[in-house]
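The values are calculated or read from the model by the stated rules, or taken from the named source; none is laboratory data. Quick caveat, the model's predicted, so the values are computed rather than measured. Glycine gets a Cβ as well: all are built from the backbone with ideal geometry, and neighbour counts include every protein chain shown. The accessibility values were calculated without ligands, DNA or RNA, using every heavy atom of the protein model including side chains. Shrake-Rupley method; radii C 1.70, N 1.55, O 1.52, S 1.80 Å.
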Amino acid sequence: MDKLVHCGMFFVFCTLLYNGVIQQFHGKPTRWLPIVVVSILGFLFAGLTELLQLYVFTYRSGDWWDLFADSIGIGMAGFAYLLNYVNRRF
């Protein structure tokens, strides 16, 4: 259940970032630049949270599988962005 929560949280996080990209480009987003930027931001945030859990918080522990679940959520959001917004004809 924990891994599904990680995946879902990062899916929502990146989906909201993609929504910001769509708003910024007035409904006509570019293809690859937002995917690269949002993916890098998502991976950095996921890595930071796992490192904080490992070294800072005493009641949490960092886990590679959590990072993997976060990455799956980031990838799912990127795939949804590609399917829904990039190939549309405006």
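The table that follows gives values for the structure above.
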quantity: Area of residue 40 that stays accessible when all protein chains are in place (1.4 Å probe, Å², to 10); calculated: 90
quantity: Share of carbon and sulfur in the accessible heavy-atom surface of the chain [1.4 Å probe, %]; calculated: 71
quantity: In order through segment 5-20: 3J(HN,Hα) via Karplus (6.51 cos²θ - 1.76 cosθ + 1.60), integer Hz, x for Gly, Pro; calculated: 5, 4, 4, x, 5, 6, 5, 5, 4, 6, 5, 5, 5, 5, 4, x
quantity: Matching label, P(r) over Cα pairs in 10 Å bins from 0, in percent computed from the structure shown, candidates (1) 16, 53, 27, 4; (2) 18, 45, 24, 11, 2, 0; (3) 13, 30, 20, 15, 11, 6, 3, 1, 0, 0; calculated: (2)
quantity: In order through segment 72-83: 3J(HN,Hα) via Karplus (6.51 cos²θ - 1.76 cosθ + 1.60), integer Hz, x for Gly, Pro; calculated: 5, x, 5, x, 4, 5, x, 5, 5, 4, 4, 5
quantity: Helical mean residue ellipticity (222 nm; -39500 (n - 2.57) per DSSP H run of 4+; nearest 500) of the chain; calculated: -24500 deg cm²/dmol
quantity: Burial ranking of peptide ranges 50-56, 68-74 (average Cβ count within 10 Å, highest at the top); calculated: 68-74, 50-56
quantity: Amide H contacts under 5 Å for residue 62, placed H, 5+ residues apart; calculated: 54
quantity: Cα-based helix-to-principal-axis angle, 33-55 vs the chain, degrees rounded to 10; calculated: 10
quantity: Residue-normalised accessible area of the chain, expressed per residue, 1.4 Å probe, Å²; calculated: 70
quantity: Fully extended contour minus Cα-Cα distance, from residue 83 to residue 59, at 0.36 nm per residue; calculated: 4.7 nm
